[in-house]
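The values are calculated or read from the model by the stated rules, or taken from the named source; none is laboratory data. All values derive from a computational prediction rather than experimental measurement. Neighbour counts run over all protein chains shown; Cβ positions are idealised from the backbone, glycine included.
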Amino acid sequence: MSAPHVLVFDSGVGGLSIAACLRTRLPGVRLSYLADTAGFPYGDQPEATVIHRCVNLVERLMADVPVDLVVVACNTASTVVLPALRERLGIPVVGVVPAIKPAAALSMNGRLGVLATPATVRRPYTDDLILRFAAHCDVTRVGHPGLVRWAEDKVAGQPVPLEALREAVRPLGDAGVDTVVLGCTHYPLIRDELAIVLPEVRHWVDSGEAIARRVAFLLQEAGLDAAGSLKGCEMGMTARFSGAAPAALEVFLPRLGLEPGPVRDQWPGSTAAP
């Protein structure tokens with residue numbers, strides 16, 4: 001039996017944090033990564049544009065390489081594109097949401113931070129998650145446009161500017177939070193730097209483990225073996241970028257436990273635009 005094939009899709013490199021969790025939990029999965037760097041970032045784009053780009057790119061990839069499951073590893077895209085992808089693809093599609101429920105359960109002092117993009121902290125679904133799972137907590141939200149870019153730059157080999165990062169997340173320190181939700185898949189990539197500037201935070205909570213568990217369940221339900229073989233890991237992760245790929249990507253991937261495979265940039269270029 002061939003290794004099940006999972007596609008991780010994002011507008012940039014944030015989904016690599018999800019891919020790393022999948023590799024750890026499901027070593028038998030064959031991984032592909034697809035990033036719409038020609039359309040990055042998605043946060044300020046109209047929903048119709050995001051839906052068009054996501055569906056177009058994923059369908060183009062699947063015309064060349066059939067996959068068994070798609071993970072939309074982008075909070076912005078997950079809020080708008082999942083119904084369209086599920087209708088068009090006919091295979092399981094998994095999205096991400098901020099991990100507010102498990103974070104609220106971990107907090108000891110009831111002071112919870114939600115660190116996300118400006119678009120995510122404003123979205124009604126974030127309000128709903130807080131109301132449903134963290135109503136008993138004092139929640140401080142921070143949406144800063146710089147963190148995604150700093151994570152992208154880190155993958156490209158540039159250092160994270162610690163003083164600028166410290167200033168960006170200062171409201172979390174001032175609020176005395178002991179637990180922070182990393183509400184963007186980019187942010188686990190700079191978790192070490194976040195821990196330096198917010199040393200009092202006890203728990204950093206992201207969606208990676210929950211997504212890996214969901215993928216494992218869906219693959220098992222489909223009768224696919226994702227854990228008992230190393231075939232997927234041995235193949236290396238193929239990465240495709242609609243625009244330019246990060247310069248130091250093949251150096252950064254092993255730091256996440258991901259094995260570099262073929263990297264294809266300008267695939268298929270900005271032709272994914274409406």
Within the range 16-33, track down each residue that is modelled with pLDDT of 95 or more, surrounded by fewer than 24 Cβ atoms within 10 Å (Cβ to Cβ) and not in a helix (DSSP H, G or I).
S32
Please indicate, with yes or no, whether at least one residue in the range 51-67 is under 15 Å from the mean Cα position of the chain (by Cα) and without any contact (Cβ under 8 Å) to a residue 60 or more places away in the chain.
yes
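Is it the case that the range 35-45 has a residue that's among the polar types (S, T, N, Q) and not in a strand (DSSP E or B)?
Within the range 35-45 (the criterion being among the polar types (S, T, N, Q) and not in a strand (DSSP E or B)), the answer is yes, since at least one residue qualifies.
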Of the residues in the range 87-105, those that are part of a helix (DSSP H, G or I) and at pLDDT 95 or above come to I100, K101, P102, A103, A104, A105
Suppose we keep only residues that are within 14 Å of the chain's Cα centre (by Cα) and hydroxyl-bearing (S, T, Y) within the range 70-109. Which one would you say is nearest to E59 (Cα to Cα)?
S78
Being at pLDDT 95 or above and among the aliphatic types (A, V, I, L, M) is the requirement here; does V81 meet it?
no
